[in-house]
1. Treating cross-link reach as a plain straight distance, find the lysines whose alpha-carbon is under 24 Å from the alpha-carbon of LYS27, omitting any fewer than eight places away in the same chain.
2. Charges at C-beta only: +1 for Lys and Arg, -1 for Asp and Glu. How large is the resulting dipole of the chain about its Cα centre, in Debye rounded to 20?
3. Sorted from largest to smallest, which semi-axis lengths in Å does the alpha carbon gyration tensor of region 73-125 give for its equivalent ellipsoid, taking the root of 5 times each eigenvalue?
4. Got a sec? Charge dipole of the chain, +1 on Cβ for Lys and Arg, -1 for Asp and Glu; which of GLY213, LEU12, GLY200 is way out at the positive end?
5. Size of region 165-216 along its principal axes in angstrom, Cα-based, largest extent first?
6. Return the Cα extents of region 1-82 along principal axes one, two and three, sorted largest first, each rounded to a whole Å.
7. Kindly provide the helix-only [θ] at 222 nm of the chain, computed as the sum of -39,500 (n - 2.57) over DSSP H runs of four or more divided by all residues, to the nearest 500 deg cm²/dmol?
8. Amide H of GLN129 versus every other amide H placed in the peptide plane: which residues, excluding those fewer than 5 positions away on the same chain, fall under 5 Å?
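Read-outs: derived from the displayed coordinates by stated rules, not from any lab. The shown structure was predicted, so the numbers you read here are calculated from the model rather than taken from an experiment. Here the Cβ is made from the backbone with ideal geometry for all residues, glycine too, and neighbour counts use every protein chain on show.
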Amino acid sequence: MRIFCEKDYVSLSRRAADIIIGAVNKKPDCVLGLATGSTPIGVYDMLSSACAAGKVSFARVRTVNLDEYMGLAAGDPASYRAFMNEHLFRRIDIDIANTHIPDASAGDENIRCARYDALIESLGGVDLQLLGIGRNGHIGFNEPSPYFSVGTHEAELSQSTRRANAAFFGNDENAVPKSAITMGIGSIMKARSILLLASGEAKREALTRAVRGNVDPMVPASVLQLHGDVSVICDFQID
Ligand code: PGA
């Protein structure tokens, strides 16, 4: 595990964007695992600028996102599909048909989850997975739990996660969906390379427990200690 403590959010975003640009330039048809939330917005801005400047092309890249809220209408501006379109996909030269988000529509949950896992397999697996971390140590919507989840599944969101995401729902915690469909810990661990971002003091405790504490499903990100190729980028110091 490589840990980069950057001086600020811009430097964090710059380092992460450079790693992603390097991966795409090395393998132009790579599969990127992408994340939503406040943390990667700076990275997505830099990827968009680099693409506009001709420094990278996403024309052959395929993407799979970590998660999507349940219960939102198709096209809801708070959906992660809308987030990705706005912050990245519309601003780069990617073929939107090559961008994938878990299917949170109504219907058999097991079938929809199995289809997403099969899709990732059919793309050849994820080359580089971008992750944020929740204040409770979650990755994707894999909340603290007595065990590590395996594949894509429907997950109930914790109160702290719903509170943290209220900003995207007019600061109304009760408007945040109660569940989501998310890639599992097992799916995330299958990525060939992982990039974990943590920005702001509020993430210090969770990140410290994840990288310095025991591997424990009550701190889901701690599982990354068992992966052979993880870069952690934060904008605060950790001991
Ligand atoms: P944030 O979310 O980037 O909005 O802090 C990260 C996460 O909860 O995974």
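1. Those lysines meeting the cut-off are LYS55, LYS190.
2. Computed charge dipole of the chain: roughly 620 debye.
3. Value: 21, 17, 6 Å, ordered largest first.
4. The Cα lying farthest towards the positive end belongs to LEU12.
5. Cα extents, longest axis first: 35, 27, 19 Å.
6. Each principal axis gives a Cα extent; for region 1-82 these are 36, 31, 27 Å.
7. Counting only the DSSP helices, I get -9000 deg cm²/dmol.
8. Amide H neighbours of GLN129: GLY33, SER193, ILE194, LEU195.
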